[in-house]
Amino acid sequence: MCIECPNCGFEDAYHDGVNYVCPNCGNEWDDGNDYDSDLGEGQVDYVRFDRGDIWAVLIDGDEVYIDSDEVLDHYSRHRITRGLVNRLSEDLHSETIKYYLDDDGDLSLDGELSDYI
Ligand SMILES: [Zn+2]
């Protein structure tokens with residue numbers, strides 16, 4: 001994911017778990033998300049597909065919902081197949097993803113698949 005520093009415009013700032021940090025000028029700033037307290041992150045172990053829903057299973061056992069339409073869009077496919085789920089699982093394996101608690105009480109992927117793959 002590309003984060004631009006508001007101070008110097010450098011485009012490769014990173015998140016240290018609390019704040020964004022710019023390696024260019026040393027600026028640190030809050031990520032400004034209202035739902036920040038609900039945000040979590042974790043490393044993906046594998047991807048699970050069940051009854052039309054796709055879940056990223058994290059190493060700690062949490063499951064994060066991924067919108068299946070977004071998966072289809074990302075891979076330019078028309079339907080979810082076992083092969084596609086396997087490919088997504090490989091692509092996300094060991095990636096650290098961010099998630100938030102949605103209105104239904106499910107952990108959902110924060111941002112888009114292209115932020116992580
Ligand atoms: Zn900067």
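The values are calculated or read from the model by the stated rules, or taken from the named source; none is laboratory data. It should be emphasised that the depicted structure is a prediction, and the values quoted were computed from it without experimental measurement. Virtual Cβ from ideal backbone geometry, glycine too; neighbours counted across all protein chains shown.
When you check Tyr46 against the structure, is it at pLDDT below 95, closer than 16 Å to Ser108 by Cα and away from the ligand (no atom under 16 Å from the Cβ), yes or no?
Details: at pLDDT below 95: no; closer than 16 Å to Ser108 by Cα: yes; away from the ligand (no atom under 16 Å from the Cβ): yes.
Taking the combined requirement at face value, the residue does not satisfy it.
Would you confirm, using the coordinates I've provided, whether Asp53 is farther than 17 Å from Leu39 by Cβ and surrounded by fewer than 18 Cβ atoms within 10 Å (Cβ to Cβ)? Considered against the rule, which asks whether it is farther than 17 Å from Leu39 by Cβ and surrounded by fewer than 18 Cβ atoms within 10 Å (Cβ to Cβ), Asp53 comes out as yes.
Residues in the range 1-29 that are assigned to a strand (DSSP E or B), of a type in the set (Val, Ile, Thr) and more than 10 Å from the ligand (Cβ to nearest atom): none.
Restricting to the range 56-84, and then to whatever is within 24 Å of Gly105 (Cβ to Cβ) and among the β-branched types (Val, Ile, Thr), can you tell me which residue is surrounded by the fewest Cβ atoms within 10 Å (Cβ to Cβ)?
At the first step, the residues of the range 56-84 found to be within 24 Å of Gly105 (Cβ to Cβ) are 56-71, 80.
Subset that is among the β-branched types (Val, Ile, Thr): 57, 59, 64, 66, 71, 80.
Values: Val57: 17, Ile59: 12, Val64: 24, Ile66: 25, Val71: 19, Ile80: 18.
Here the residue is Ile59.
Being of a type in the set (Phe, Trp, Tyr) and under 16 Å from Ile117 (Cβ atoms) is a property that does not hold for Tyr65.
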